[in-house]
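Okay, so here's the structure we're looking at.
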Amino acid sequence: MDTLPIGEEESDHGETPRTYTDQFKQDALKLVETSGKPVSHIVRDLGISPYSLHNRVQKARKNQSVITGEELTSGERAELEQLRKTVRRQAQELEVLGKATRWFADRSL
């Protein structure tokens, strides 16, 4: 049997794939994080593909907010805003440097 993503599981009888809701997928990820059970036990209990849940867990761990359902913390939000300001400032500086370079290049011709 080929493994399908967690959103599309093949039934036991080879019928059309089952589709899971976003809530089901979110709950499966929360089980992995909070139950202390191995992924192999969770997929067996839920009747889903171990490969697809493993892949989802790996992706979710890269983006912790997927597992917790939470948005950025206030500290993360402040850091993100600061980084965005820095990027904007550096983009403006680059624009000014580009104009200055063109001006000096035109004068030397």
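Taken together, the values in this text are just the output of simple stated rules run on the coordinates, not laboratory data. This is a predicted model, so every value here is computed, not measured. So basically every Cβ, Gly included, is an ideal-geometry build from the backbone, and we count neighbours across all protein chains shown.
Compared with the direct C-alpha span, the chain from E76 to V96 gains 4.2 nm at full extension, assuming 0.36 nm per residue.
Computed from the Cβ-Cβ distance with R0 of 22 Å, the FRET efficiency linking S40 to R61 stands at 0.80. Computed from the alpha carbon positions, the gyration tensor of segment 20-109 leads to an equivalent ellipsoid with semi-axes of 50, 16, 9 Å, biggest first. Computed packing ranks the peptides 84-92, 30-38 as 30-38, 84-92, most packed first, by mean other Cβ atoms within 10 Å.
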